[in-house]
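Student: Following this message is one structure expressed as structure tokens.
The values are calculated or read from the model by the stated rules, or taken from the named source; none is laboratory data. Since the structure is predicted, the reported quantities are computational estimates derived from the model, not experimental observations. We place every Cβ from the backbone using ideal geometry, glycine too, and count neighbours over all the protein chains shown. For accessibility, only protein heavy atoms count, side chains too; no ligands or nucleic acids. Shrake-Rupley method; radii C 1.70, N 1.55, O 1.52, S 1.80 Å.
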Amino acid sequence: RTEVEELIVTGSRIQRSEYNSASPVQVITAESSSLAGMINPTEVLQSASVAAGSTQINNQFTGFVVNGGGGVNTVSIRGLGDQRTLVMLNGRRLPPAGTQGAVAAVDLNILPDAIVERYEILKDGASSVYGSDAVAGVVNVITRTNLDGGRLEAARRVGGGGDGGNEYTFSSAYGKVLDRGRFLISGQYYEQKALKFGDRKDLNCQEQYTFDPVTGARNDWIDVDTGTY
């Protein structure tokens, strides 16, 4: 046999906690994110410190052509793009998801809120272990394993001027722990109302103000309460 003088480990799958891990790991629990007012995985991951300052594809890009189509939500670490950030579910690689066009990244909308226990974010590049799609980092979503019963979550985000742009989220899960196993089923409903030009007064450009010559009132926007100009 041949003796090896030096062995260099470039990647390891040995599980470690965030305190003794050789690479920087950030753990965000579902309870802490809920206390911070963040419900869905998109808000939690895109607002993480390692993703701050990077352009994130979310619901604000409805008027742009993006991979996956309108309404897709992805995460980009260190500004390297969503195609260089690996997203996994319980340590298993998630496939690309989207509605149309070029589908190249994981759509975070496929993750139901009610079954998420915590988010583990590997801030360092891990291409030696996972491949080129983990150059920026790795996001591992861990689901609940001990849910015995039902769980229901609801969230509503509103703004001024009717329901234009309001967001509604309903998420539910049911699990049962058996003697020789367990099962878990979950579903989620999300809706974001369309935000039209006349829904908010602050959407009107000040350079285009027009006034009624008789009453002096503005007539370039609709009062959503009375339905009049």
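Student: When you look at T55, is it of a type in the set (S, T, N, Q) and either open to solvent by less than 50 Å² (accessible area, probe 1.4 Å) or under 24 Å from G131 (Cα atoms) (or both), yes or no?
Tutor: yes
Student: So, one more: Give me a count of the residues in segment 138-158 that are in contact (Cβ under 8 Å) with a residue 24 or more places away in the chain, open to solvent by 30 Å² or more (accessible area, probe 1.4 Å) and not aliphatic (A, V, I, L, M).
Tutor: Matching residues across segment 138-158 total 7.
Student: When you scan segment 93-101, do you find a residue that is modelled with pLDDT of 85 or more, within 15 Å of P41 (Cα to Cα) and part of a loop (DSSP other than H, G, I, E, B), even just one?
Tutor: yes
Student: On to the next question. Out of (1) at pLDDT below 80; (2) open to solvent by 40 Å² or more (accessible area, probe 1.4 Å); (3) of a type outside the set (F, W, Y), the odd one out for G165 is which?
Tutor: That leaves (2) as the condition not met.
Student: Oh, and also: Sort out which residues of segment 136-179 are of a type in the set (D, E), touching an Asp or Glu at 6+ places or on another chain (Cβ under 6 Å) and not in a strand (DSSP E or B), and write them in order of number.
Tutor: Hits for segment 136-179: nothing passes.
Student: Now a separate question. Being at pLDDT 85 or above and open to solvent by less than 40 Å² (accessible area, probe 1.4 Å), is that true of even one residue in segment 11-24?
Tutor: No; the residues of segment 11-24 include none that is at pLDDT 85 or above and open to solvent by less than 40 Å² (accessible area, probe 1.4 Å).
Student: Turning to a different aspect of this structure: Scan segment 102-121 for residues that are in contact with a helix residue (DSSP H, G or I) (Cβ under 8 Å, 6 or more places away or on another chain), closer than 19 Å to I77 by Cβ and not in a helix (DSSP H, G or I) and jot them down.
Tutor: Result: A104, A105, V106, L111, V116, R118, Y119, I121.
Student: Moving on to the next point. Quick one: L86 ticks every box in (1) open to solvent by 40 Å² or more (accessible area, probe 1.4 Å); (2) part of a strand (DSSP E or B) bar one, so which box is it?
Tutor: Status for L86: all satisfied but (1).
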